[in-house]
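Report on the following structure.
The values are calculated or read from the model by the stated rules, or taken from the named source; none is laboratory data. All of these numbers come straight from a predicted model, not from anything done at the bench. FYI the Cβ positions are ideal-geometry reconstructions off the backbone, even for glycines, and counts take in every protein chain you see.
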Amino acid sequence: MLAKRIIPCLDVRDGRVVKGTNFEGLRDMADPVELARFYNDSGADELVFYDITASAEGRGLFTDILRQVASEIFIPLTVGGGIRTLEDFDRVLKCGADKVSINSGAIADPSIIAAAAKRYGDQCVVLSMDVKRVEGRFRLFAKGGREDTGIDAMEWAVRGVGDGAGEIVLNSIDTDGVKGGFDLEMLDALAARVTVPIVASGGAGNMEHFAELFTHPGVDAGLAASIFHTRQVDIKDLKRFLRGRGVEIRL
Amino acid sequence: MTAIVDYGVGNLFSLRSSLRCLGLETEVTGEAECLRAADRIILPGVGAFGDARAKLDETGLVPVLLEEAERKPLLGICLGMQLLFDRGFEYGEHPGLGLIPGEVAFLGEDLADKALKIPHMGWNSLEIVKDDPLFKYFQDGEYVYYVHSFYARSCRESTLGVSRYGNVAVTGAVRRGNVWGTQFHPEKSGDAGLRLLRAFAEL
């Protein structure tokens, strides 16, 4: 059977990983290539790179980094951040990305999902959503979670999958940064509506949270950033722990 | 030299990089002469069976591939492996290269548990069912990376390895004579995948 996936996420600005990292033994803790190597050696099942650069120079640095990572690390790479057009898809795929994650770009122009799926295949298009409870409903937020779009998040996901999104990253704004565990209620609600793989994001604070996450059969992967970067949770230890708890895991 | 067949299907960045990482001389090529000069050939591919077959036909390389497969190792990866079979049933029926007996059908057709997701995407463990030099550096049960919705069946005689997905034993690796195929992506399967490519390079 398919193994559950553990995915570290690297936010990159102007060629550097942001969010505190605390690795001993790494020459440059904020060097995305070095960090990617470290995670690959730790057994990460996939890497996600978010480009949070605003400037054109920063964007160039980002694609250079991506090319370098893809030249020496041979696990699936997902790239997101600032993806708005098919040209953006093209730019990162040519640098070695396998999947492209789209968030605000799809809110601005929902037709991009179908266009990208048609050109590159469903498996290449990841719909990333920032979701928060508003008046008892799951609401889709834009601009890194700052703006309520008024769109029902579950309807949005169903539509995105219908248009060809091959995977969904669900980031719960309600649990993000709290480190109290993933938003299982929100994830279950999504799993009941779509049949594509679901990547859970937001809320991981310890290994137990991942074990709990994977008791929910609709969830395929757990994504986190700071707990891995700060080494609060080591991916090697986490994977052994999960295997011990009976979760199908690649060691 | 290892030739990667370029017929306008899919992204060859990782495949080329992984071979370079192993220190192998590699050419991405659409030229018949280059395929003839190569020590071994890799046929990659992503997308749909019929489209890929049509694109391969357009290059005029099919007769060259069939000829070269008689005398040197050929490895098909993902859709490139599917093309090695007699026929595929993705959006209608299309002829394959006929290098390995069998057919390529929709995985969902044979899955009993309809809750299982398609595409079959992610890391799955490869059970070796027939030992082969391709597995020289590979251990039974190691995980490899898959992304596909169609799979090869009716090919038991050539099957080297399978991965379990629900009730289906997904054909993971095949061989007939000089022709090998992997449904998974060795160039995305981490260290295990690199070791498999290294073994192919030594064939």
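When you look at residue B:80, is it under 27 Å from residue B:154 (Cβ atoms), modelled with pLDDT of 95 or more and outside any loop (DSSP other than H, G, I, E, B), yes or no? Walk me through it before giving the result.
Values: under 27 Å from residue B:154 (Cβ atoms): yes; modelled with pLDDT of 95 or more: yes; outside any loop (DSSP other than H, G, I, E, B): yes.
Answer is yes for this residue.
Of everything in region B:94-113 that's among the charged types (D, E, K, R) and farther than 21 Å from residue B:65 by Cβ, which residue is surrounded by the most Cβ atoms within 10 Å (Cβ to Cβ)?
First pass over region B:94-113, keeping only residues among the charged types (D, E, K, R): B:103, B:109-110, B:113.
With the extra rule that they be farther than 21 Å from residue B:65 by Cβ, the set shrinks to B:109-110, B:113.
Working: B:109: 11, B:110: 15, B:113: 9.
Checking each candidate, the answer is B:110.
Confirm whether residue A:111 is touching a strand residue (DSSP E or B) at 6+ places or on another chain (Cβ under 6 Å), of a type in the set (Ser, Thr, Tyr) and either surrounded by 15 or more Cβ atoms within 10 Å (Cβ to Cβ) or over 15 Å from residue A:199 (Cβ atoms) (or both). First the steps, then the outcome.
Details: touching a strand residue (DSSP E or B) at 6+ places or on another chain (Cβ under 6 Å): no; of a type in the set (Ser, Thr, Tyr): yes; either surrounded by 15 or more Cβ atoms within 10 Å (Cβ to Cβ) or over 15 Å from residue A:199 (Cβ atoms) (or both): yes.
Criteria not met by residue A:111.
How many residues, within region A:36-60, are more than 10 Å from chain B (Cβ to nearest Cβ), more than 23 Å from residue B:24 (Cβ to Cβ) and in contact with a strand residue (DSSP E or B) (Cβ under 8 Å, 6 or more places away or on another chain)? Don't jump to the end; show me each part of the working.
Taking region A:36-60 first, the residues more than 10 Å from chain B (Cβ to nearest Cβ) are A:36-39, A:42, A:47-60.
The next check asks that each one be more than 23 Å from residue B:24 (Cβ to Cβ); those that pass are A:38-39, A:42, A:47-60.
Cutting the leftovers down to in contact with a strand residue (DSSP E or B) (Cβ under 8 Å, 6 or more places away or on another chain) gives us A:39, A:47-53, A:58-59.
Matching residues across region A:36-60 total 10.
For region B:4-24, how many residues meet the condition of being in a helix (DSSP H, G or I) and crowded, with 18+ Cβ neighbours inside 10 Å?
Step one: list which residues in region B:4-24 are in a helix (DSSP H, G or I), which gives B:13-21.
Filter once more, keeping what is crowded, with 18+ Cβ neighbours inside 10 Å: B:13-19.
Qualifying residue count, region B:4-24: 7.
Which residue out of A:187, A:170, A:251 is surrounded by fewer than 15 Cβ atoms within 10 Å (Cβ to Cβ) and farther than 25 Å from residue A:30 by Cα?
On the way: A:187 fails: surrounded by fewer than 15 Cβ atoms within 10 Å (Cβ to Cβ); A:170 fails: surrounded by fewer than 15 Cβ atoms within 10 Å (Cβ to Cβ).
Testing whether each residue is surrounded by fewer than 15 Cβ atoms within 10 Å (Cβ to Cβ) and farther than 25 Å from residue A:30 by Cα leaves just A:251.
Of all residues in region B:67-116, how many are among the β-branched types (Val, Ile, Thr) and closer than 17 Å to residue B:148 by Cα? Before you say what the answer is, go through the steps one by one.
Applying the first criterion (among the β-branched types (Val, Ile, Thr)) to region B:67-116 yields B:77, B:100, B:104.
Next cut, closer than 17 Å to residue B:148 by Cα only: B:77, B:104.
Qualifying residue count for the region: 2.
Would it be correct to say that residue A:145 is surrounded by fewer than 16 Cβ atoms within 10 Å (Cβ to Cβ), small (Gly, Ala, Ser) and either farther than 19 Å from residue A:78 by Cβ or modelled with pLDDT under 95 (or both)? Show your work before the answer.
On the way: surrounded by fewer than 16 Cβ atoms within 10 Å (Cβ to Cβ): no; small (Gly, Ala, Ser): yes; either farther than 19 Å from residue A:78 by Cβ or modelled with pLDDT under 95 (or both): yes.
Answer is no for this residue.
How many residues are in contact with a helix residue (DSSP H, G or I) (Cβ under 6 Å, 6 or more places away or on another chain), farther than 12 Å from residue B:145 by Cβ and assigned to a loop (DSSP other than H, G, I, E, B) if we restrict to region B:172-198?
Qualifying residue count for the region: 0.
Of the residues B:45, B:88, B:76, B:96, only one is more than 14 Å from chain A (Cβ to nearest Cβ), under 24 Å from residue A:2 (Cα atoms) and touching a Gly at 6+ places or on another chain (Cβ under 9 Å); which? Don't jump to the end; show me each part of the working.
Details: B:45 fails: more than 14 Å from chain A (Cβ to nearest Cβ); B:88 fails: under 24 Å from residue A:2 (Cα atoms); B:96 fails: under 24 Å from residue A:2 (Cα atoms).
Just one listed residue meets the conditions, B:76.
Here's the yes/no breakdown for (1) surrounded by fewer than 22 Cβ atoms within 10 Å (Cβ to Cβ); (2) out of contact with any helix residue (DSSP H, G or I) (no Cβ under 6 Å at 6 or more places or on another chain):
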residue: A:218; (1), (2): yes, no
residue: A:229; (1), (2): no, yes
residue: A:240; (1), (2): yes, yes
residue: A:245; (1), (2): yes, no
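So, of the residues in region B:25-58 that are more than 19 Å from the chain's Cα centre (by Cα) and surrounded by fewer than 17 Cβ atoms within 10 Å (Cβ to Cβ), which turns out to be nearest to residue B:79 (Cα to Cα)?
In the first step, residues of region B:25-58 are kept if they are more than 19 Å from the chain's Cα centre (by Cα); the result is B:25, B:31-34, B:36-37, B:58.
This time we only want the ones that are surrounded by fewer than 17 Cβ atoms within 10 Å (Cβ to Cβ), so: B:25, B:31-33, B:36-37, B:58.
Values: B:25: 23, B:31: 20, B:32: 21, B:33: 24, B:36: 22, B:37: 24, B:58: 17 Å.
Among those that are more than 19 Å from the chain's Cα centre (by Cα) and surrounded by fewer than 17 Cβ atoms within 10 Å (Cβ to Cβ), it is B:58.
Which pairs have Cβ atoms under 8 Å, sit 6 or more apart or on different chains, and link a residue in region B:7-34 that is within 11 Å of chain A (Cβ to nearest Cβ) to one that is among the aromatic types (Phe, Trp, Tyr) and assigned to a loop (DSSP other than H, G, I, E, B)?
B:14/A:74; B:17/A:74; B:18/A:74; B:21/A:74
List the number of the failed condition for residue B:189; all other conditions in (1) in contact (Cβ under 8 Å) with a residue 24 or more places away in the chain; (2) surrounded by fewer than 24 Cβ atoms within 10 Å (Cβ to Cβ) hold.
The single condition residue B:189 does not satisfy is (2).
Where residues in region B:166-176 are touching an Asp or Glu at 6+ places or on another chain (Cβ under 9 Å) and either more than 10 Å from residue B:100 (Cβ to Cβ) or free of Cβ contacts under 8 Å to residues at least 12 places away in the same chain (or both), which of them is surrounded by the most Cβ atoms within 10 Å (Cβ to Cβ)? Break it down stepwise before answering.
First, pick out the residues of region B:166-176 that are touching an Asp or Glu at 6+ places or on another chain (Cβ under 9 Å): B:166-169, B:172-173, B:175-176.
Going one step further and asking which of them are either more than 10 Å from residue B:100 (Cβ to Cβ) or free of Cβ contacts under 8 Å to residues at least 12 places away in the same chain (or both), we end up with B:166-169, B:172-173.
Values: B:166: 16, B:167: 10, B:168: 20, B:169: 18, B:172: 26, B:173: 28.
Filtering region B:166-176 for residues that are touching an Asp or Glu at 6+ places or on another chain (Cβ under 9 Å) and either more than 10 Å from residue B:100 (Cβ to Cβ) or free of Cβ contacts under 8 Å to residues at least 12 places away in the same chain (or both), the one surrounded by the most Cβ atoms within 10 Å (Cβ to Cβ) comes out as B:173.
Collect the residues in region B:171-194 that are among the small types (Gly, Ala, Ser) and within 18 Å of residue A:251 (Cβ to Cβ), keeping them in residue-number order.
We begin by selecting, within region B:171-194, every residue among the small types (Gly, Ala, Ser); these are B:172-173, B:177, B:181, B:189-190, B:192-193.
Of everything in region B:171-194, those that are among the small types (Gly, Ala, Ser) and within 18 Å of residue A:251 (Cβ to Cβ) turn out to be B:189, B:190, B:192, B:193.
Take region A:213-250 and flag every residue that is modelled with pLDDT under 95 and over 22 Å from residue A:36 (Cα atoms).
Correct list: A:217, A:218.
Per-residue answers, yes or no, for (1) within 14 Å of chain A (Cβ to nearest Cβ); (2) surrounded by 18 or more Cβ atoms within 10 Å (Cβ to Cβ); (3) under 15 Å from the mean Cα position of the chain (by Cα); (4) closer than 24 Å to residue A:248 by Cβ:
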| position | (1), (2), (3), (4) |
| --- | --- |
| B:115 | yes, no, no, yes |
| B:126 | yes, yes, yes, yes |
| B:139 | yes, no, no, yes |
| B:148 | yes, yes, yes, yes |
| B:155 | no, yes, yes, no |
| B:160 | no, yes, yes, yes |
| B:163 | yes, yes, yes, yes |
| B:196 | yes, yes, yes, yes |
| B:203 | no, no, no, no |
